[in-house]
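This report concerns only the one structure given below.
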Amino acid sequence: MTKSQLINLVARKAHLTKRAAREAVETTFEEIARSLSKGNKVVLSSFGTLYVSVVKDKQVVPFGDESKRQTIKKHRVVNFRAGKPLKKMVW
């Protein structure tokens, strides 16, 4: 599903204009992103949890070629853990 498909679905199911649905969806995504950028968890009950974790520095050797050894610096990543109802629907 694309973002525009989601907006059309929200507009239809909530009886909103596409403009109002687009604003609602974009505001939701912006607030989720803002919360994650501050390091907070986002818990969407019955759906799942988004959270930020830190990946430590690590050495990588592409295709076993020692001459191309690289270090990937410490960085933050977003993780998602599905809730039980979502797991039951998917699995």
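Odds and ends about this structure:
- Summing Cβ point charges (Lys, Arg +1; Asp, Glu -1) relative to the Cα centre of the chain gives a dipole of roughly 220 debye.
- On Cα atoms only, tilt of 3-13 relative to the major axis of the chain in degrees: 30
- For the stretch 1-40, alpha-carbon Rg relative to the globular expectation (2.2 N^0.38 Å, N residues): 1.30
- Cβ-Cβ FRET estimate between Lys38 and Lys3, R0 fixed at 22 Å, reported to 0.05: 0.40
- Pairs of Lys residues in the chain, spaced 8 or more positions apart or belonging to different chains, with C-alpha separations under 23 angstrom: 18 in total.
- Based on Cα contacts under 8 Å between residues 6+ apart, the chain shows a relative contact order of 21 percent.
- In order through the stretch 54-68: 3J(HN,Hα) via Karplus (6.51 cos²θ - 1.76 cosθ + 1.60), integer Hz, x for Gly, Pro: 9, 9, 6, 4, 8, 8, 10, 10, x, 6, x, 8, 4, 5, 9
- Highest-MSF residue in the chain out of Val78, Val60, Val25 [GNM, Cα springs under 10 Å]: Val60
- 3J(HN,Hα) from dihedral phi, the stretch 75-91, Karplus parametrisation 6.51/-1.76/1.60, rounded to Hz, x for glycine, proline: 8, 9, 9, 9, 10, 10, 10, 5, x, 4, x, 5, 4, 5, 5, 7, 9
- Per-bin percent of Cα-Cα distances, the chain [10 Å]: 14, 26, 30, 18, 9, 2
- Förster radius 25 Å - calculated FRET efficiency between Val55 and Trp91 (Cβ-Cβ, nearest 0.05): 0.40
- Rounded to the nearest 10 degrees, the angle from helix 18-37 to the longest Cα principal axis of the chain is 30 degrees.
- Rule-of-thumb Rg ratio for the stretch 50-91 [Cα; 2.2 N^0.38 Å; N residues]: 1.82
- Of Ser53, Trp91, Gln70, farthest towards positive along the dipole that unit charges on Lys, Arg, Asp, Glu beta carbons give the stretch 50-91: Trp91
- Based on DSSP H segments of at least four residues, each scored -39500 (n - 2.57), the chain has a per-residue ellipticity at 222 nm of -13000 deg cm²/dmol.
Every read-out reported here was derived from the displayed coordinates using simple, explicitly stated rules and does not represent laboratory data. Remember, it's a predicted structure, so these values are computed and weren't measured experimentally. Cβ coordinates were reconstructed from backbone atoms using ideal geometry, including for glycine residues, and neighbour counts include every protein chain displayed.
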